[in-house]
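Beneath this line is the structure, given in structure tokens, with notes to follow.
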Amino acid sequence: MTETPKRARRAGHGEDTIYWDAAKNRYVGAVSLGYAPNGKRRRPKVYGKTKTEVRTKIRDLKKEVQSGVRAPANYTVADAVNDWLERGLKGRDEKGTIGKNRSVADKHLIPFIGKAKLKDLTADDVDDWLDDRSEFLATRSLRDLLAILRRSIAHAQRRDKAARNVALLVTAPEGRPGRPSKALNLEQAKAVLVAARPSRLYAYLVLSFLGGVRTEEARPLTWDHVFLETKDGVPPHVAVWRSVRKHGDTKTRRSRRTVALPKMVVEVLEEHMRWQKQERASKGKDWSPKGLVFTTRSGEPLDAANVRRDFRKILARAARLPDFEPHFHEFKPEEWTTRETRTSFVSLLSDHGVPLETIALLVGHSSQTTTEVVYRKQLRPVITKGAEAMDVIFAENQEEGGACAPEEGDAGT
């Protein structure tokens, strides 16, 4: 007697089911997840070419539910990064922190792994992407790039759009050698100041070279933070308490400092003040009331790009000066930025014998280790102090007269 084959058991109420959908040409898995607060049954579906694929998706979906995270199926890495840039950096400087991260993400992250679905992203995917970028970026840049991805996924996790952060499982590889820190030597620095005399940037560069002030600290500097006379035994000084960062904060708490001014800086700033008063009087109501030390022709803040452009023009002019031309052999002005006035400040002090701990205080580093790491190629063993040293270093370079009236076309036209 032939035995009748058993019919497949019909899934009971509340159980998961897998069936073939001819219209979609796919297997469908219907998952039972109980009831929503409105009483409606929650039964999401997953699809796959095979039953095994569907079972795997059902298992993953249930794990997400148990963990309390339901990652959107079509939520991509690009979505996560853009959400973090839009919502995760509130209160940060739009042109600074946000702009920098957005530029890096748009160039090196989104075009390469941005289309990947975040729930499907693996540590291997991240590793492969970073290995590819290591041919073009320095190690520091790769670390910054990985940090953007980590923080973007963490932001998605806080909004229940990602179950785990695979970027935390990855270490940034070694990249190309970074851009070396550079500094002008004494003769080059003297040439630059000579070339800058007719420029609006003259006083700006004198303060940068002889005071070690960051370019982001010099641009928002106001006259009420500049003290050019000795009072109650306190020598002339500048209070570096602000920067162009969001809310005007300095880079670090240690960066908020008060620095004594060398005589040359005092003389140049006094002349710069007299000249600016004349310019302000000639502009009348068109002059900005912000009280800035370094300004455009209307009293507005200097733009970083314009300062960098005009600084390079001055470098090119300095390299052509007959008395200094031999000191600029194979010199390329386009490879320099205004921040290197600060490394030059450190280098000149170190060469003159100023101790590392004193230099760290003058430049506002949180520790002398930072000074040593960032400016290690400019440092050497030492012995003495700051503003006084600059008076000696540039003593031979001081000439009669202060800042000259600026040329047309310089800094912030």
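The values are calculated or read from the model by the stated rules, or taken from the named source; none is laboratory data. The shown structure was predicted, so the numbers you read here are calculated from the model rather than taken from an experiment. Positions of Cβ are backbone-derived with ideal geometry, glycine not excepted, and every protein chain shown enters the neighbour counts.
Candidates in the stretch 297-339 are the residues that are more than 17 Å from ALA195 (Cβ to Cβ) and among the small types (Gly, Ala, Ser); of these, the one that is surrounded by the fewest Cβ atoms within 10 Å (Cβ to Cβ) is ALA305. Scan the stretch 145-152 and tell me whether some residue there is surrounded by fewer than 21 Cβ atoms within 10 Å (Cβ to Cβ) and of a type in the set (Lys, Arg). There is at least one residue in the stretch 145-152 that is surrounded by fewer than 21 Cβ atoms within 10 Å (Cβ to Cβ) and of a type in the set (Lys, Arg).
Those residues that are under 44 Å from the mean Cα position of the chain (by Cα) and either at pLDDT 80 or above or outside any loop (DSSP other than H, G, I, E, B) (or both), I need them from the stretch 29-44; list them, please. Before you say what the answer is, go through the steps one by one.
Keep residues of the stretch 29-44 that are under 44 Å from the mean Cα position of the chain (by Cα), which gives 44.
Passing the criteria: none in range.
The single condition among (1) within 19 Å of the chain's Cα centre (by Cα); (2) in contact (Cβ under 8 Å) with a residue 60 or more places away in the chain that ALA163 does not satisfy is (1). Among the residues of the stretch 77-113, those that are touching a helix residue (DSSP H, G or I) at 6+ places or on another chain (Cβ under 8 Å), modelled with pLDDT under 95 and outside any helix (DSSP H, G or I) comprise LEU89, GLY91, ARG92, ASP93.
Residue pairs whose Cβ atoms lie under 7 Å apart, sitting 6 or more positions apart in sequence or on different chains, and linking a residue in the stretch 280-306 that is in a helix (DSSP H, G or I) to a partner that is of a type in the set (A, V, I, L, M, F, W, C), are ARG280/TRP287; ASN306/ALA411.
Can you tell me which of ASP232, ASP224, ASP160 is farther than 29 Å from PRO289 by Cβ, assigned by TED's automatic domain parsing to the domain that holds MET264 and surrounded by fewer than 21 Cβ atoms within 10 Å (Cβ to Cβ)?
Answer to the check: ASP232.
Regarding the stretch 316-324, can at least one residue be identified that is assigned to a helix (DSSP H, G or I) and of a type in the set (Asp, Glu)? No. If you check ASP131, ASP124, ASP120, ASP106 for being charged (D, E, K, R) and surrounded by 15 or more Cβ atoms within 10 Å (Cβ to Cβ), only one passes: ASP106.
ARG317 meets each of the listed conditions (1) over 25 Å from VAL259 (Cβ atoms); (2) modelled with pLDDT under 90 apart from (2).
Please go through the stretch 129-141 and give me each residue that is out of contact with any helix residue (DSSP H, G or I) (no Cβ under 6 Å at 6 or more places or on another chain) and free of Cβ contacts under 8 Å to residues at least 40 places away in the same chain, ordered by number. Those that are out of contact with any helix residue (DSSP H, G or I) (no Cβ under 6 Å at 6 or more places or on another chain) and free of Cβ contacts under 8 Å to residues at least 40 places away in the same chain: ASP132, LEU137, THR139, ARG140, SER141.
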